[in-house]
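> Submitted below is the structure of interest, expressed as structure tokens.
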Amino acid sequence: MAIIGIDLGTTNSLASHWDNGQVQLIADETGQVLFPSVVSYLEGEGLAVGTPAKDRQLTHSTQTASSFKRFMGTEKNYTLGDNRYTPMQLSAMVLERIRKNAAYALKQPIDEAIITVPAYFNDKQRSDTKKAAEIAGLHVERLINEPSAAALAYRMHYGEQDKTLLVFDFGGGTLDLSYVECFDNIIEILAVAGDNYLGGDDVDWLIAEYFCQQNGLQWEMLPPPAQAALKKAAEAAKRNLETAPESTIELTFDHADYQIRLDHDRLFQICLPLFTKIKNLFLHLLNDAGARVSDIDDLVMVGGSSRLTVVQRFLTELLGKEPVVLGEPDKVVAIGAGVYTGIRSRSEEIRDLMLTDVCPFTLGVECWHKETSLQGYLLPMIERNSTLPASQCQHLVTLADYQKEIVVRIYQGEEYYAKDNLFLGEVRIPVEPRPAGTEGIDVYFTYDLNGILYVEVVNSQNVRNHILLASQSLSKAELERYQAQMQQLLIPPLQREENQQLLARLVTQFENSLGRRREQIRMLIDWFVEGLQSGRQHIVRRTIEQTRQQLAQLEQWQQCEEELLFDGELKQDWEPEDEENQ
Ligand code: ADP
Ligand code: MG
């Protein structure tokens, strides 16, 4: 049994596997590695998946489903033939075909996969992706984020130096930007931004529009086969520009000939409306990441539309430096997924890597302003783009006089009013009946890498209650294990016992020192506390590691100095003897 990596894309899907120290993409029986994520119904023949389905997309649009990944996690229905299918079921068909292709190519059954998903996918979208895989006969050990996969592929190519990357994933219908830090063996997504309706398709539409405008035609007036032909020709002309200086589109409708010529400058002009949107997304991302353009070491371009030289040119102008295009950009995410399968199968060629994620949406509780208590607003507990695992606490007070209970209602989303967000669950806790605002509770939120949210509330009598919200169904044993892990996470790094001990040792060093050394230790203590309170996992880890090293050195110095004070003989007198010598 083998494990494969899958990039389950909006437009195209790909599969990869780890073989003899490198990633191989898996081709179908016709030698293609890009598998269109399209399903179509053929009268009398049933459902077609992949290229045959894509070929029917424009001529039989009512019987063809594509870009359904955009609606993953919803109950949207696609009617094909006599049946209706959800995005999850359609994705399952694509995954099943990929599994069969891979089994054929690798000559062995495939039962496990690492699947990539957009970093912003919420719990429902992730659990539906897992369900789709299960229907397709694939067990999914872990979903990894597409930008993390791209960063893995980047590191395979450029080595493992510490880098800050901006992953620009421009696909058929979506643009996803991610701010990613690679530090040691940790890949951390610090912020994400994206547009679910901005991709290569829009470029095709703009070209088709330009064609109509130049030839005095109106898109709406064209018969469907002519529309289909124009859309297809527009995409072909766009792709052709990857290597050619110029493309032409020539079409005949109703015995009349129409044509346009397209060069890079013209296409640049045509794409200007898209560039404005891209620029705004950049600003949004940098703002959320609290970063500047100069903080980015490399802009890594992935996704099929990153092949557009006009987009590369625009980004070079925007950022003042050349972006990195990794080989064939539409294959990079699948290659990263393949690298990860290598890590999973404990391959010797690559050492363990940790992928950390961000929370793509805000998690919060419903609260009321005293004067305007008509509608509850959402008080953010864990803000979007927080690094996972994340833990936060807030103190909430009673709203009404002599209220006996507080109901903590938990939501996910970015809307101001709580009711406009996705309701996840609630916890109730009794409180002492006292005048409004004088009695309160502490609310703790912990959200981990597996998309599990643990909420604990504590009242002033130290009575506790909690709820564990998980996107997947968990067994009782798993629930208990998670609960124990979450309890551990609830303690902020600085409060954890082992770190308190480190702090105590630092303080001892401070007390035993004088002058410049003492001042340096004071700075080390400040730096340690600040690092542990940073809320960023890798900074916490790095801080602890470096503090341990420094402390070991300080303690060694201290010992040497003591040895100099007492001479060797005197010291031996009071040193405890080894057990064997007694
Ligand atoms: P997704 O991630 O959405 O599944 P891909 O990364 O496979 O999609 O990108 C598909 C998009 O890439 C399509 O819009 C396609 O037209 C575009 N594309 C593919 N090759 C080229 C090329 N040579 N030049 C420009 N665009 C291209
Ligand atoms: Mg993609």
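> Test each condition in (1) within 16 Å of ligand 2 (Cβ to nearest atom); (2) farther than 16 Å from ALA337 by Cβ; (3) buried (at least 24 other Cβ atoms within 10 Å of the Cβ) for TYR179 and report the one that comes out false.
Result: TYR179 passes all but (1).
> Filter region 367-379 for residues that are of a type outside the set (A, V, I, L, M, F, W, C), part of a loop (DSSP other than H, G, I, E, B) and open to solvent by 40 Å² or more (accessible area, probe 1.4 Å) and give the result.
Hits for region 367-379 are HIS369, LYS370, GLU371, THR372, SER373, GLN375.
> Just for region 280-326: of the residues that are within 16 Å of ligand 1 (Cβ to nearest atom) and among the charged types (D, E, K, R), which one is farthest from PHE268 (Cα to Cα)?
Checked region 280-326; the qualifying residue farthest from PHE268 (Cα to Cα) is ARG307.
> Follow-up. For the structure I just gave you, tell me whether TYR158 is of a type outside the set (A, V, I, L, M, F, W, C) and crowded, with 24+ Cβ neighbours inside 10 Å.
Spelling it out, it is not the case that TYR158 is of a type outside the set (A, V, I, L, M, F, W, C) and crowded, with 24+ Cβ neighbours inside 10 Å.
> Please go through region 418-440 and pick out each residue that is touching a strand residue (DSSP E or B) at 6+ places or on another chain (Cβ under 6 Å) and either more than 16 Å from HIS466 (Cβ to Cβ) or not in a strand (DSSP E or B) (or both).
ALA418, ASN421, LEU422, PHE423, VAL431, GLY437, GLY440
> Filtering region 1-14 down to residues that are open to solvent by 10 Å² or more (accessible area, probe 1.4 Å) and more than 18 Å from the chain's Cα centre (by Cα), which residue is farthest from ligand 1 (Cβ to nearest atom)?
MET1
> Every residue in region 296-342 that is assigned to a helix (DSSP H, G or I), within 16 Å of ligand 2 (Cβ to nearest atom) and under 25 Å from LEU283 (Cβ atoms), please.
Result: GLY304, SER305, SER306, ARG307, VAL311, PRO329, VAL332, VAL333.
> I'd like the full set of residues that are within 16 Å of ligand 2 (Cβ to nearest atom) and of a type in the set (D, E, K, R), limited to region 182-219.
Once the filter is applied, which keeps residues that are within 16 Å of ligand 2 (Cβ to nearest atom) and of a type in the set (D, E, K, R), region 182-219 yields ASP195, ASP201, ASP202.
Matching residues to (1) surrounded by fewer than 21 Cβ atoms within 10 Å (Cβ to Cβ); (2) among the small types (Gly, Ala, Ser):
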| residue | (1), (2) |
| --- | --- |
| PRO273 | yes, no |
| THR276 | yes, no |
| LEU283 | yes, no |
| ASP288 | yes, no |
| VAL302 | no, no |
| SER305 | no, yes |
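> Considering only residues that are among the basic types (Lys, Arg) and assigned to a helix (DSSP H, G or I), look in region 271-295 and name the one that is nearest to ligand 2 (Cβ to nearest atom).
Applying the filter and picking the extreme gives LYS277.
> If GLU96 meets every condition in (1) away from ligand 1 (no atom under 16 Å from the Cβ); (2) open to solvent by 30 Å² or more (accessible area, probe 1.4 Å); (3) over 26 Å from ALA119 (Cα atoms) apart from one, which number is that one?
(3)
> Okay, moving on. Of all the residues that make up region 32-43, how many are more than 19 Å from ALA334 (Cα to Cα) and open to solvent by 80 Å² or more (accessible area, probe 1.4 Å)?
Pass one, region 32-43, residues more than 19 Å from ALA334 (Cα to Cα): 39-43.
From what is left, the residues that are open to solvent by 80 Å² or more (accessible area, probe 1.4 Å) are 43.
Number of matching residues: 1.
> Mind listing just one residue for me: the one in region 236-267 that is more than 13 Å from VAL310 (Cα to Cα) and β-branched (Val, Ile, Thr) and, of those, farthest from the chain's Cα centre (by Cα)?
Ranking the qualifying residues of region 236-267, first place goes to THR252.
> Something else: For region 380-402, enumerate the residues that are open to solvent by 30 Å² or more (accessible area, probe 1.4 Å) and in a strand (DSSP E or B).
PRO380, SER391, GLN392, CYS393, GLN394, HIS395, VAL397
> Another question, if that's okay. Quick one: which residue in THR116, THR129, THR86, THR164 is within 16 Å of the chain's Cα centre (by Cα) and over 30 Å from ILE539 (Cα atoms)?
Among THR116, THR129, THR86, THR164, only THR129 is within 16 Å of the chain's Cα centre (by Cα) and over 30 Å from ILE539 (Cα atoms).
> Considering every residue within region 100-109, establish whether at least one is within 16 Å of ligand 2 (Cβ to nearest atom), buried (at least 21 other Cβ atoms within 10 Å of the Cβ), in contact (Cβ under 8 Å) with a residue 60 or more places away in the chain and under 30 Å from the mean Cα position of the chain (by Cα).
Among the residues of region 100-109, not one is within 16 Å of ligand 2 (Cβ to nearest atom), buried (at least 21 other Cβ atoms within 10 Å of the Cβ), in contact (Cβ under 8 Å) with a residue 60 or more places away in the chain and under 30 Å from the mean Cα position of the chain (by Cα), which makes the answer no.
> Here's another thing I want to ask about it. So, of the residues in region 44-65 that are open to solvent by 30 Å² or more (accessible area, probe 1.4 Å) and within 14 Å of ligand 1 (Cβ to nearest atom), which turns out to be farthest from ASN77 (Cα to Cα)?
Step by step, filter region 44-65, then rank; the result is THR51.
The values are calculated or read from the model by the stated rules, or taken from the named source; none is laboratory data. This one's a predicted model, so the numbers in the text were calculated from it and none came from an experiment. FYI the Cβ positions are ideal-geometry reconstructions off the backbone, even for glycines, and counts take in every protein chain you see. Quick note on the areas: whole protein, heavy atoms, side chains included, nothing else; ligands and nucleic acids left out. Shrake-Rupley method; radii C 1.70, N 1.55, O 1.52, S 1.80 Å.
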